[in-house]
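Dropping a structure here in structure tokens format, bear with me for questions.
The values are calculated or read from the model by the stated rules, or taken from the named source; none is laboratory data. Just so you know, these numbers come straight off a predicted model, no measurement behind them. Heads up, the Cβs are rebuilt from the backbone with ideal geometry, glycines too, and the neighbour counts pull from every protein chain shown. Surface accessibility is based on the protein's heavy atoms, side chains included, excluding ligands, DNA and RNA. Shrake-Rupley method; radii C 1.70, N 1.55, O 1.52, S 1.80 Å.
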Amino acid sequence: MTAPSTERDIPALVRAAIEKHGAKRDALIPILSEVNLALGYIPGEAFKEVRKQLHDPTEGVFVAESQLHALASFYDMLATKPRGEHVIKFCENAPCHVVGGKAVWDTLREKLSLKNGETTPDGKWTLVTTSCIGLCSVGPVVLVDEDLYGNVTPEQIGDILGRYE
Amino acid sequence: MAFFRSHVLVCVDPECLARGAHDVIDALQDELVDQGLIDEIQVLETSRIGGCEDGPEMIVYPEGVHYVGFNADDVPFIVEEHFLKGRIVEKFREMPKVVVDEELGPLRPKEVRIVLKNCGYIDPTNIEDYLAVDGYQALGKALFEMTPEQVIEEVKNSGLRGRGGAGFPAGRKWDLTRQVNDFPKYMVCNADEGDPGAFMNRRVLEGDPHSVLEGMIIGAYAVGASYGYVYCRAEYPIAVETFNIAIAQAREFGFLGENILGTDFSFDLEVRVGAGAFVCGEETALIASIMGLRGEPSPRPPFPSVKGVWGKPTNNNNVETYSNVPQIILKGAPWYASMGTERSKGTKTFAVGGNVKKPGLIEVPMGITLREIIFDVAGGMHEGRHFKAVQTGGPMGGCLTEQHLDLPLDYEALTQAGSMMGSGGLVIMDETSCMVDIARFFMDFTQAESCGKCTPCRVGTRRLLELLQKICEGFGEDGDIEKLEELCEEITKNSLCGLGQGAPNPVVSTLKHFRHEYEAHIYEKRCPSKVCRPLIRFEITDPACTGCTVCARNCPVEAISGERRQLHHIDQETCIRCGICVQVCNFNAITVE
Ligand SMILES: Cc1cc2nc3c(=O)[nH]c(=O)nc-3n(C[C@H](O)[C@H](O)[C@H](O)COP(=O)(O)O)c2cc1C
Ligand code: SF4
Ligand code: SF4
Ligand code: SF4
Ligand code: FES
Ligand code: FES
């Protein structure tokens, strides 16, 4: 769930993440993931904050903001744009595709008038594809926020979306 | 106008009526009046809200909670809980179509379970369950009765080969890491399992984490490592959680940490979670990612055995490779080597997916044939459908056909047939799959996952994808097949890591076995399997259509028109070719051309 912007205290969030994973170079990905999980994406302010808080001459850890951005651009799960209130992840991989995933994907895009990676203008839905989540034996698979739907058919899409109205 | 804070929709279709939907509505009205809620909550009649098997059914809005399988007598309780106390009555809640464990049922014909033997039988979050099935006895045996060299010898003699794809002999790899005189040494467990369609490692991590852990600790003792990392993909949150519990419990019992079981051998480890990059499954990329860098592969040599995590000797194996180890140590190399083929010993787990009756996770002895897997273990094809092809080895593997069905499966046989073992995903396809579309699909995947470090892979996969898209959209031209072939060769030859080297395989193998399908797309502008949308059209046929209007009501873009009891018509301009109408028509009146 995305926290409303008024409530989020980015410095505190970053501090907690660093405390949990340690102020070390190899903790950068876990720290960024933690922020990403809490806010749904990593705002520019959070990058600045990570750099600032990790800048500890005694420990000898230095990170440039560009390094952090380079990580975020490499790893698909680290988002730098705000996501909608609900994120729909669709598994668009061959095993789900051959058991009817294609029709489900088309229906999802039509219904929401979204392309892969887009968010509805009202900020309610974001539609993305995901890599295989290992549930291929009940494919096609749709993930809405944390809720998993297996064996999905195009006709069910309306019902599934309706649950989040 | 009255303002209702809640609406209750009760289904009054015949099935639900037969199960007492009217009584439910009456009871709801009475109870709402009694509780003084009748002005706040409105009861409405509706139709078809659920699966129809378990009526009466109702949905409460705005929460969207779906209740099934209750009766009028339960209504006062539901009203009190839901509307007065604001608590959802879980007992009657229709669980969203949540995934059930269809993956791993009872032993199927021809299965032999070694890696999966405990999955589903023990509680993975309780180490005592694992101890009760001889858990950590192999560790004890290794530490007290065997030297590290003897452990390596045993693993070598068992014939165990890496289950992450390439099949490098595990004992030899351990030996290499042991030989390097540079400390500290690290153990890495590759739990990145990124191949679409492969979920064997997930199941072991979730169902029997201690077997992997024990294998890793034994390996650490053998190679002389003092610290380890389990690199698990973020798509597997339950696996991460379960494994962390296992680590904590193993520490408590003295199987991890300082002076394991009172010996002077010390080893500890942690779980690292990925962040969504397929290429991180490649071992040098994985090691970079552990160190907090972008997960880009680097040239080998130096191999991780010499220079891995933090530049130190590192032994990396797959989840399944490690989980075989405890039993090899306990039961001995000859037992393990008695299963399988000449060059590939033991068992292999496969994730069987696609168009078969019983998809799911299986474990079979090496040397089994594809025919046995598909027809005996996985229940065969659906009624009236025929086997067409199977993709083995994931997006870098290849398609095999009818002619390969009787091949005894091992690493070499699959490579010779133009595919590979890979991690063990099997996608089985019937005649409803278009092979050009499948090739495009895999290319879409590899192109998106190419890390971009080297040009042949980055640019080449994009060009391959563009060509395949063009063909699927009906714009293929003479010469395209030759262009595909040239590109494939170039990419395979000049790419740095296995992703680029293997990326063309799906194209090469489909071109080899299904060239005619490519030709039909290019020269006849026809998709023989009726999959590629721009090349097909949906049409309603005359005598068959009864004018029931079902299709028109279900078409998402209102492309279908027609009067009740009259022939319906599809407007080709509006139709998005989603195929819904075909599925909903009860009279098979809609054909695909
Ligand atoms: C693009 C790419 C992805 C890979 N993904 C995985 C993976 O998800 N899991 C895995 O164990 N090995 C994967 N591998 C193979 C590893 O590089 C490595 O060979 C393997 O982890 C060694 O373990 P093993 O000897 O036990 O098989 C991948 C290789 C490539 C080139
Ligand atoms: S072959 Fe592809 S994935 Fe591998 S290093 Fe080169 S660009 Fe990256
Ligand atoms: S569903 Fe079938 S029978 Fe009914 S109107 Fe459509 S095409 Fe005709
Ligand atoms: S294929 Fe889809 S869009 Fe076309 S007519 Fe049928 S339901 Fe409508
Ligand atoms: S391919 Fe969709 S979950 Fe695996
Ligand atoms: S019969 Fe009532 S929902 Fe289907």
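Step by step: first the residues of region A:121-148, then only those that are of a type in the set (Ser, Thr, Tyr) and surrounded by 22 or more Cβ atoms within 10 Å (Cβ to Cβ), then the one that is nearest to the other protein chains (Cβ to nearest Cβ). Which residue is that? Explain how you work it out, then say what you get.
Let us first name the residues in region A:121-148 that are of a type in the set (Ser, Thr, Tyr), namely A:126, A:129-131, A:137.
Checking the rest, the ones that are also surrounded by 22 or more Cβ atoms within 10 Å (Cβ to Cβ) come to A:126, A:131, A:137.
On the way: A:126: 15, A:131: 6, A:137: 4 Å.
Here the residue is A:137.
Provide a single number: the residues in region B:441-461 that are open to solvent by 40 Å² or more (accessible area, probe 1.4 Å) and either within 14 Å of another protein chain (Cβ to nearest Cβ) or under 25 Å from the mean Cα position of the chain (by Cα) (or both).
5
Can I ask one more? Would you call residue B:309 modelled with pLDDT of 95 or more, open to solvent by less than 30 Å² (accessible area, probe 1.4 Å), out of contact with any Asp or Glu (no Cβ under 8 Å at 6 or more places or on another chain) and among the aliphatic types (A, V, I, L, M)?
Values: modelled with pLDDT of 95 or more: yes; open to solvent by less than 30 Å² (accessible area, probe 1.4 Å): yes; out of contact with any Asp or Glu (no Cβ under 8 Å at 6 or more places or on another chain): yes; among the aliphatic types (A, V, I, L, M): yes.
So residue B:309 passes the test.
What number of residues within region B:278-292 satisfy the criterion of being facing chain A (nearest Cβ under 8 Å) and either out of contact with any helix residue (DSSP H, G or I) (no Cβ under 6 Å at 6 or more places or on another chain) or outside any loop (DSSP other than H, G, I, E, B) (or both)?
In the first step, residues of region B:278-292 are kept if they are facing chain A (nearest Cβ under 8 Å); the result is B:278, B:289-292.
Applying the additional criterion that residues be either out of contact with any helix residue (DSSP H, G or I) (no Cβ under 6 Å at 6 or more places or on another chain) or outside any loop (DSSP other than H, G, I, E, B) (or both) yields B:278, B:289-290.
Residues meeting the conditions: 3.
Taking the conditions exactly as written (crowded, with 24+ Cβ neighbours inside 10 Å, more than 14 Å from chain A (Cβ to nearest Cβ) and part of a helix (DSSP H, G or I)), does residue B:317 satisfy them or not?
On the way: crowded, with 24+ Cβ neighbours inside 10 Å: yes; more than 14 Å from chain A (Cβ to nearest Cβ): yes; part of a helix (DSSP H, G or I): no.
Answer is no for this residue.
Can you tell me which residues in region B:1-31 are in a helix (DSSP H, G or I), closer than 16 Å to residue B:73 by Cβ and of a type in the set (A, V, I, L, M, F, W, C)?
Result: B:21, B:24, B:25, B:27, B:28.
How many residues are open to solvent by 50 Å² or more (accessible area, probe 1.4 Å) and either assigned to a helix (DSSP H, G or I) or touching a His at 6+ places or on another chain (Cβ under 7 Å) (or both) if we restrict to region A:111-120? Spell out how you get there, then give the answer.
First, the residues of region A:111-120 that are open to solvent by 50 Å² or more (accessible area, probe 1.4 Å): A:111, A:113, A:115-116, A:118-119.
Checking the rest, the ones that are also either assigned to a helix (DSSP H, G or I) or touching a His at 6+ places or on another chain (Cβ under 7 Å) (or both) come to A:111.
Number satisfying all stated conditions: 1.
Output the residues belonging to region A:149-158 that are facing chain B (nearest Cβ under 8 Å) and surrounded by fewer than 19 Cβ atoms within 10 Å (Cβ to Cβ). Please lay out each step first, then the result.
As a first pass, look at region A:149-158 and keep what is facing chain B (nearest Cβ under 8 Å): A:149-156.
Of everything in region A:149-158, those that are facing chain B (nearest Cβ under 8 Å) and surrounded by fewer than 19 Cβ atoms within 10 Å (Cβ to Cβ) turn out to be A:151, A:153, A:155, A:156.
State the number of residues belonging to region A:67-106 that are open to solvent by 10 Å² or more (accessible area, probe 1.4 Å), touching a residue at least 40 places away in the same chain (Cβ under 8 Å), touching a strand residue (DSSP E or B) at 6+ places or on another chain (Cβ under 6 Å) and not basic (Lys, Arg).
Final tally of qualifying residues: 2.
Which is within 16 Å of ligand 4 (Cβ to nearest atom), closer than 26 Å to residue B:198 by Cβ, modelled with pLDDT under 90 and not polar (S, T, N, Q), of A:79, A:103?
Values: A:79 fails: within 16 Å of ligand 4 (Cβ to nearest atom).
That would be A:103, the only listed residue that is within 16 Å of ligand 4 (Cβ to nearest atom), closer than 26 Å to residue B:198 by Cβ, modelled with pLDDT under 90 and not polar (S, T, N, Q).
So that you can scan it fast, the table gives a plain yes or no per residue for (1) within 35 Å of the chain's Cα centre (by Cα); (2) within 16 Å of ligand 1 (Cβ to nearest atom); (3) in a loop (DSSP other than H, G, I, E, B):
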position	(1), (2), (3)
B:511	yes, no, no
B:520	yes, no, no
B:525	yes, no, yes
B:542	no, no, yes
B:552	no, no, no
B:573	no, no, yes
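A quick yes/no check of all residues on (1) open to solvent by 30 Å² or more (accessible area, probe 1.4 Å); (2) touching a residue at least 12 places away in the same chain (Cβ under 8 Å):
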{"position": "B:232", "(1), (2)": "no, yes"}
{"position": "B:238", "(1), (2)": "yes, yes"}
{"position": "B:253", "(1), (2)": "yes, yes"}
{"position": "B:262", "(1), (2)": "yes, no"}
{"position": "B:267", "(1), (2)": "no, yes"}
{"position": "B:273", "(1), (2)": "yes, yes"}
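Tell me the residue from B:490, B:477, B:466 that is more than 29 Å from the chain's Cα centre (by Cα) and under 22 Å from residue B:536 (Cβ atoms), please. Let's see the steps before the verdict.
Working: B:490 fails: under 22 Å from residue B:536 (Cβ atoms); B:466 fails: more than 29 Å from the chain's Cα centre (by Cα).
Result of the check over B:490, B:477, B:466: B:477.
Among (1) surrounded by fewer than 20 Cβ atoms within 10 Å (Cβ to Cβ); (2) hydroxyl-bearing (Ser, Thr, Tyr); (3) within 16 Å of ligand 1 (Cβ to nearest atom), there is one condition residue B:561 misses while meeting the rest; what is its number?
Among (1) surrounded by fewer than 20 Cβ atoms within 10 Å (Cβ to Cβ); (2) hydroxyl-bearing (Ser, Thr, Tyr); (3) within 16 Å of ligand 1 (Cβ to nearest atom), residue B:561 violates only (3).
Having 2 or more residues that are under 17 Å from residue B:200 (Cα atoms) is the bar; report the helices (runs of 4 or more DSSP H) wholly within region B:116-164 that clear it.
none
Would region B:236-252 turn up any residue that is of a type in the set (S, T, N, Q) and over 19 Å from the mean Cα position of the chain (by Cα)?
Taking region B:236-252 and keeping what is of a type in the set (S, T, N, Q), we get B:242, B:244, B:249.
Right, trim to over 19 Å from the mean Cα position of the chain (by Cα) and you get B:244, B:249.
Yes, region B:236-252 contains a residue that is of a type in the set (S, T, N, Q) and over 19 Å from the mean Cα position of the chain (by Cα).
Now for a different question. How many residues does region B:575-593 hold that are near ligand 4 (Cβ under 10 Å from one of its atoms), assigned to a loop (DSSP other than H, G, I, E, B) and in contact with a Lys or Arg (Cβ under 6 Å, 6 or more places away or on another chain)?
Within region B:575-593, the subset near ligand 4 (Cβ under 10 Å from one of its atoms) is B:575-585, B:590, B:592.
With assigned to a loop (DSSP other than H, G, I, E, B) added as a condition, the list becomes B:575-579, B:585.
Checking which are in contact with a Lys or Arg (Cβ under 6 Å, 6 or more places away or on another chain) leaves us with B:577.
Here the count works out to 1.
Do we have residue B:243 as in a loop (DSSP other than H, G, I, E, B), away from chain A (no Cβ under 12 Å), touching a residue at least 24 places away in the same chain (Cβ under 8 Å) and touching a helix residue (DSSP H, G or I) at 6+ places or on another chain (Cβ under 9 Å) here?
On the way: in a loop (DSSP other than H, G, I, E, B): no; away from chain A (no Cβ under 12 Å): yes; touching a residue at least 24 places away in the same chain (Cβ under 8 Å): yes; touching a helix residue (DSSP H, G or I) at 6+ places or on another chain (Cβ under 9 Å): yes.
It is false that residue B:243 is in a loop (DSSP other than H, G, I, E, B), away from chain A (no Cβ under 12 Å), touching a residue at least 24 places away in the same chain (Cβ under 8 Å) and touching a helix residue (DSSP H, G or I) at 6+ places or on another chain (Cβ under 9 Å).
Would it be correct to say that residue A:19 is within 22 Å of residue A:146 (Cβ to Cβ), of a type in the set (Asp, Glu) and in a helix (DSSP H, G or I)? So that I can check it myself, show each step before the final result.
Details: within 22 Å of residue A:146 (Cβ to Cβ): no; of a type in the set (Asp, Glu): yes; in a helix (DSSP H, G or I): yes.
Answer is no for this residue.
Follow-up. Within region B:131-149, does at least one residue satisfy the condition of being within 26 Å of the chain's Cα centre (by Cα) and buried (at least 20 other Cβ atoms within 10 Å of the Cβ)? Quick ask: steps written out before the conclusion?
Within region B:131-149, the first condition is being within 26 Å of the chain's Cα centre (by Cα), and the residues that meet it are none.
Looking through region B:131-149, none of the residues is within 26 Å of the chain's Cα centre (by Cα) and buried (at least 20 other Cβ atoms within 10 Å of the Cβ).
I would also like to ask the following. Can you tell me which residues in region A:91-110 are in contact with a Leu (Cβ under 8 Å, 6 or more places away or on another chain) and either assigned to a helix (DSSP H, G or I) or outside the structural domain of residue A:141 (by TED's automatic domain parsing) (or both)?
Just the residues of region A:91-110 that are in contact with a Leu (Cβ under 8 Å, 6 or more places away or on another chain), to begin with: A:91, A:108-109.
The answer is A:108, A:109.
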